[in-house]
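For reference, the structure discussed in these notes is given below.
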Amino acid sequence: MSYADVKCRRAGPEMCAAVDAPPVPSRRQLFKTVAGLTAFWGATEAVLAAPPADVSADIDPGSLVSKLVRRITMGATQAELALATSMGYGPYLEYQLNAAAIDDTVFDQALAARNLTTLSLTQQQLYTQVQGLIVNELTEATIFRAVQSKRQLLERMVEFWSDHFNIEILKNPCVFLKTFDDKNAIRPNALGTFPALLSASAHSPAMLTYLDNQESTALAPNENYAREIMELHTLGVDGGYTQTDVYEVARCFSGWGQSRAGATQGEFFFTASRHDNGAKTVFAGTPYQLNIAPGGGINDGTQVINALANHPNTARYIARKLSAWLVREDPSQALVDAVAATYTATGGDIKAMIRTALQPNVLADAPPKYKRPFHLYVSALRALPSTITATATFRSQLDAAGHRTFFWISPDGYPDTLLYWSGLILPRWNFGASLLNNNLNGLVVDYTSFLSGLTTAQQIVDKIDQAMFGGEMSAGDKDRIRTYLLPDPPSITRQRDAIGLAIGSPSFQWY
């Protein structure tokens, strides 16, 4: 099944059916059938039932440290929780916000040792590479960074902005251009300012090619990029622009594209002869009317970028989307207004907006969020003593779950909603079982050292709770896994299976 088929798939009725089963199902029942897994963890509705939100009163930020770690990392680890606890809520948030100051030398050396050669090639050199190699190496670097980099909030925001400025890597020739977009547009600006990020995206050949601006001329302005820079990147679908504005903005960006040949092939290039140099008016009749004089050349597009970056509807749109990513799917209007005010006051400073969104009293009231497949799988590898030597099977697992990195076709990016992801439960359950049964080539969990010296079901489930859940695993999930492990001493097979079952547990689906 292709990723396009998978991403639209929804579970059949049998997934949601409550099935009676013995208290301790057999391994075949658990790992070979939907019914067995449903019997173990309960109906799908139970799996998707998040624990209740915390209630804010007199907030002690220290009580929220573990919740903060889960929100701003790709998965809590015992080491990260210990670090955050020792620092405290505010200092730990600042530590992660100041990603450039985090010593990530060990990870950098490990990434270099993977010899992902396409990551360091020039844009022109990338055009000489096999397309599959480019895609796989960029994906592998993304996975490896998410699992092992200390700059965890940076990785969370790279994921967020990669969806916000989505580019489907398989659209030719974006496959040759997305690596540079990731390296030069998204990553350097993910914790910078939104205006700088917007400008970097607008100058990205991958974006301009993906949204067909490469073909835009004075005689035939292509409206795709003009529409999406307003609808998806800045103002929002209800952001106050008209079809006339789309046309005028398209005229402003005519001639923006990439160099087609020579030493600069694939780099940003403005073709003056293809640009509409006539006078233009954007947002006519509004307080934000932009009058562009004739003969402006490339500066026409620059004026549009600046106008969009400073528009109050952009502040509100980005504030809502960022709050939904970090806090809750349905952020309150008060929170959106606060983050938007920070945007306006700071010129779109992303760090400042994150600080506002993650005030302790705000996070205290935030309900748990449902992990998307990439987040779920990475969080499992982070929590356990795992080794990654290859990522082909990991990519296949993402395919099966409908969340292959950079493969979303439309420009709106992968959804971040419970409604979208709640229908495909079986791949999420199967990931843990496959991982712990050594069925994922290139991914190994050292469960022997993880459970070393533990001889009872209670000891093992306590270890799983501390390492994978920060001591916050639900009582129901603990009881089920403890029962599965009995009688004492648990067999090696059941010890291994228990870890896989914990990955598929209702508690582990949320953060």
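The values are calculated or read from the model by the stated rules, or taken from the named source; none is laboratory data. Note that the coordinates shown come from a computational prediction; the quantities given were computed from them, not determined experimentally. Positions of Cβ are generated from backbone atoms using ideal geometry, with glycine treated the same way; all protein chains shown enter the neighbour counts. In case anyone asks, the SASA skips ligands and DNA or RNA and just uses the protein heavy atoms, side chains included. Shrake-Rupley method; radii C 1.70, N 1.55, O 1.52, S 1.80 Å.
The set of residues from region 488-510 being touching a residue at least 24 places away in the same chain (Cβ under 8 Å) and either open to solvent by 10 Å² or more (accessible area, probe 1.4 Å) or over 31 Å from the mean Cα position of the chain (by Cα) (or both) comprises 488, 489, 490, 493, 495, 496, 506, 507, 510. Could you list, in sequence order, all residues of region 126-169 that are in contact (Cβ under 8 Å) with a residue 60 or more places away in the chain and of a type in the set (A, V, I, L, M)? Listed by number, the residues that qualify are 126, 135, 138, 143, 146, 147, 153, 157, 167, 169.
When region 223-242 is filtered for residues that are within 16 Å of residue 280 (Cβ to Cβ) and touching a residue at least 60 places away in the same chain (Cβ under 8 Å), the ones remaining, listed by number, are 229, 230. Taking each residue of region 289-311 that is without any contact (Cβ under 8 Å) to a residue 12 or more places away in the chain and looking for partners that are surrounded by 14 or more Cβ atoms within 10 Å (Cβ to Cβ) and not polar (S, T, N, Q) with beta-carbon atoms closer than 7 Å, six or more apart or interchain, yields 289/283. Could you check, for region 372-381, whether at least one of its residues is farther than 25 Å from residue 236 by Cβ, part of a helix (DSSP H, G or I), β-branched (Val, Ile, Thr) and out of contact with any Pro (no Cβ under 6 Å at 6 or more places or on another chain)? Yes, there is a match, as at least one residue in region 372-381 is farther than 25 Å from residue 236 by Cβ, part of a helix (DSSP H, G or I), β-branched (Val, Ile, Thr) and out of contact with any Pro (no Cβ under 6 Å at 6 or more places or on another chain). In this structure, is residue 118 more than 30 Å from residue 353 (Cβ to Cβ) and not in a helix (DSSP H, G or I)? For residue 118, the condition - more than 30 Å from residue 353 (Cβ to Cβ) and not in a helix (DSSP H, G or I) - is not met.
With respect to the conditions (1) among the hydrophobic types (A, V, I, L, M, F, W, C); (2) in a helix (DSSP H, G or I); (3) over 30 Å from residue 392 (Cβ atoms), residue 135 lacks only one, and its number is (3). If the condition is being aromatic (Phe, Trp, Tyr) and touching a Phe, Trp or Tyr at 6+ places or on another chain (Cβ under 8 Å), then region 145-166 contributes only 160.
Taken together, 220, 200, 263, 226 contain a single residue that is at pLDDT 95 or above and surrounded by fewer than 17 Cβ atoms within 10 Å (Cβ to Cβ), which is 220.
Evaluation of residue 204 against the conditions (1) without any contact (Cβ under 8 Å) to a residue 60 or more places away in the chain; (2) touching a helix residue (DSSP H, G or I) at 6+ places or on another chain (Cβ under 8 Å) shows that the sole unmet condition is (1). Can you find a residue in region 321-340 that is over 29 Å from residue 368 (Cβ atoms) and surrounded by fewer than 19 Cβ atoms within 10 Å (Cβ to Cβ)? No: zero hits. Pairing residues of region 173-184 that are within 16 Å of residue 211 (Cα to Cα) with residues that are charged (D, E, K, R) and surrounded by fewer than 23 Cβ atoms within 10 Å (Cβ to Cβ), at Cβ distances under 9 Å and at least 6 apart in sequence or on separate chains, gives 174/168; 178/168. Does any residue of region 320-333 turn out to be within 30 Å of residue 448 (Cβ to Cβ) and either under 18 Å from the mean Cα position of the chain (by Cα) or aliphatic (A, V, I, L, M) (or both)? No: zero hits. A count restricted to region 99-121 and to residues that are farther than 30 Å from residue 264 by Cβ, surrounded by 14 or more Cβ atoms within 10 Å (Cβ to Cβ) and either out of contact with any Lys or Arg (no Cβ under 8 Å at 6 or more places or on another chain) or among the hydroxyl-bearing types (Ser, Thr, Tyr) (or both) stands at 1.
Yes or no: residue 418 over 23 Å from residue 81 (Cβ atoms), surrounded by fewer than 19 Cβ atoms within 10 Å (Cβ to Cβ) and touching a residue at least 12 places away in the same chain (Cβ under 8 Å)? Full working, then the answer.
Details: over 23 Å from residue 81 (Cβ atoms): yes; surrounded by fewer than 19 Cβ atoms within 10 Å (Cβ to Cβ): yes; touching a residue at least 12 places away in the same chain (Cβ under 8 Å): yes.
Yes: the conditions hold for residue 418.
Scanning for something closer than 16 Å to residue 378 by Cβ, surrounded by fewer than 18 Cβ atoms within 10 Å (Cβ to Cβ) and small (Gly, Ala, Ser), does region 406-413 turn up at least one residue?
To start, the set of residues in region 406-413 that are closer than 16 Å to residue 378 by Cβ comprises 406.
This time we only want the ones that are surrounded by fewer than 18 Cβ atoms within 10 Å (Cβ to Cβ), so: none.
No, the conditions are met nowhere in region 406-413.
When region 443-473 is filtered for residues that are open to solvent by 40 Å² or more (accessible area, probe 1.4 Å), part of a helix (DSSP H, G or I) and either touching a residue at least 12 places away in the same chain (Cβ under 8 Å) or farther than 15 Å from residue 493 by Cα (or both), the ones remaining, listed by number, are 447, 449, 458, 459, 462, 463, 466. Highlighted here are the helices (runs of 4 or more DSSP H) found entirely within region 57-99 that include at least 3 residues which are closer than 15 Å to residue 466 by Cβ and in contact (Cβ under 8 Å) with a residue 12 or more places away in the chain: 65-72, 78-87. Would you mention how many residues in region 169-184 are closer than 18 Å to residue 260 by Cα, open to solvent by 20 Å² or more (accessible area, probe 1.4 Å) and either part of a helix (DSSP H, G or I) or among the aromatic types (Phe, Trp, Tyr) (or both)? Of the residues in region 169-184, 2 are closer than 18 Å to residue 260 by Cα, open to solvent by 20 Å² or more (accessible area, probe 1.4 Å) and either part of a helix (DSSP H, G or I) or among the aromatic types (Phe, Trp, Tyr) (or both).
Let's see how each residue does on (1) over 17 Å from residue 81 (Cβ atoms); (2) aliphatic (A, V, I, L, M); (3) buried (at least 22 other Cβ atoms within 10 Å of the Cβ):
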position: 361; (1), (2), (3): yes, no, no
position: 367; (1), (2), (3): yes, no, no
position: 378; (1), (2), (3): no, yes, yes
position: 382; (1), (2), (3): no, no, no
position: 391; (1), (2), (3): yes, no, yes
position: 394; (1), (2), (3): yes, no, yes
